[in-house]
Amino acid sequence: MLLASIALLTSAASASAGCANYEDGSTDGPAPRATICIGAACEETTVTFQCGNINGAQYGFANGLQVDFDKDGKASASRQTSPVDPASLKCTEIDPDACFPAIKG
């Protein structure tokens, strides 16, 4: 599912990043909302960016969380530069396309 999601975000013929930036006005509509839990601490936030190409994918959220996936689907995460265990993450969509499939709740 992760690789399918990366493929949807990118063109197989292109190695350049396909990104949606919800903070600079370059996307149509509002940023998707999600409830993200890190362990037992949950909060509602919005997506700030989504990027993906054949080398991986990245998601950024307004609460400072960033989740990165390498081309093999291995996840890493941080919040305001502090490492976060990806296994502790749970993301529940409020709006479509707010959560990366590997961490959907």
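The values are calculated or read from the model by the stated rules, or taken from the named source; none is laboratory data. All of these numbers come straight from a predicted model, not from anything done at the bench. Here Cβ is always computed from backbone atoms with ideal geometry, including for glycine, and neighbour counts include all displayed protein chains.
Can you name every residue in the range 77-105 that is touching a Pro at 6+ places or on another chain (Cβ under 9 Å) and more than 13 Å from I38 (Cα to Cα)?
Within the range 77-105, E93, I94, D95, P96, D97, A98, C99, A102 meet the criteria.
Which of (1) surrounded by fewer than 19 Cβ atoms within 10 Å (Cβ to Cβ); (2) touching a Gly at 6+ places or on another chain (Cβ under 7 Å) is the odd one out, the single condition G29 does not satisfy?
Among (1) surrounded by fewer than 19 Cβ atoms within 10 Å (Cβ to Cβ); (2) touching a Gly at 6+ places or on another chain (Cβ under 7 Å), G29 violates only (2).
Could you tell me whether I94 is at pLDDT 95 or above and within 25 Å of S26 (Cα to Cα)?
When the stated conditions are applied, I94 passes them.
Can you give me the number of residues within the range 52-67 that are free of Cβ contacts under 8 Å to residues at least 24 places away in the same chain and in contact with a Phe, Trp or Tyr (Cβ under 8 Å, 6 or more places away or on another chain)?
Result for the range 52-67: 3.
Does C37 satisfy the condition of being over 11 Å from the mean Cα position of the chain (by Cα) and either modelled with pLDDT under 95 or surrounded by 15 or more Cβ atoms within 10 Å (Cβ to Cβ) (or both)?
It is true that C37 is over 11 Å from the mean Cα position of the chain (by Cα) and either modelled with pLDDT under 95 or surrounded by 15 or more Cβ atoms within 10 Å (Cβ to Cβ) (or both).
Can you name every residue in the range 76-97 that is touching a residue at least 40 places away in the same chain (Cβ under 8 Å), at positive phi and of a type in the set (S, T, Y)?
Result: no residue meets the conditions.
List the pairs whose first member sits in the range 33-51 and is small (G, A, S), whose second member is not in a strand (DSSP E or B), and whose Cβ atoms are under 6 Å apart, counting only residues at least 6 apart or on separate chains?
Sorted first by the residue in the range 33-51, then by its partner, the pairs are A34/I94; A34/A98; A34/C99; G39/S88.
Out of G29, G73, I need the residue that is without any contact (Cβ under 8 Å) to a residue 40 or more places away in the chain and either over 12 Å from the mean Cα position of the chain (by Cα) or part of a loop (DSSP other than H, G, I, E, B) (or both). Which one?
G29
Restricting attention to the range 44-81, and to residues there that are of a type in the set (D, E, K, R) and farther than 19 Å from D97 by Cβ, which single residue is surrounded by the most Cβ atoms within 10 Å (Cβ to Cβ)?
Checked the range 44-81; the qualifying residue surrounded by the most Cβ atoms within 10 Å (Cβ to Cβ) is R79.
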